Amino acid sequence: QLSMAWEQWQQVCAEMREQRRLLDNALRKFRHAKMFAAYNSWHSWYLEVLEQMRLLRKGLMRMIHAKMAAGFGSWRQQAADAKREAHMAGGAIRRMLNRKLS
């Protein structure tokens, strides 16, 4: 009978241990559920902030590149005008020198 009582006591202890484990898991899930909800809320907010920053950067780059493209176009025009004027001036000077030589 002592052996049977020992076996029964071990079985009851094992069942209590399993119930305790299940209860601990349930409590941990409950505690973590609030933490995960807070994390998910923060993560959602963070992703939204990143998207807003991306859109802002994209808009700023468009503005910067538009001004840069306009500046490059005006520089190219001025460079072409300067080249044409230098060519014309060089031709005029060459003609004047050729007149003196002849």
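A few points about this structure:
- When the alpha carbon coordinates of the chain are projected onto the principal axes, the ranges are 142, 25, 7 Å, largest first.
- Compactness check for the range 63-102: Cα Rg over 2.2 N^0.38 Å is 1.93.
- Electrostatic tally near ILE93: other residues with Cβ closer than 14 Å to its Cβ, Lys and Arg +1, Asp and Glu -1, net +3.
- Computed extension length for TRP9-ALA92: 18.0 nm, one decimal, from 0.36 nm per residue of separation with the Cα-Cα distance subtracted.
- Averaged per residue, the chain has 98 square angstrom of accessible surface, using a 1.4 angstrom probe with ligands and nucleic acids left out.
- Positive minus negative residues near ILE64 (Lys, Arg vs Asp, Glu; Cβ under 15 Å): +4
- 14 Å beta-carbon shell around TRP9, net charge (K/R +1, D/E -1): -1
The values are calculated or read from the model by the stated rules, or taken from the named source; none is laboratory data. Values in this document were obtained by computation on a predicted structure and should not be read as measured data. Cβ atoms come from the backbone with ideal geometry, glycine included; neighbour counts cover every protein chain shown. Quick note on the areas: whole protein, heavy atoms, side chains included, nothing else; ligands and nucleic acids left out. Shrake-Rupley method; radii C 1.70, N 1.55, O 1.52, S 1.80 Å.
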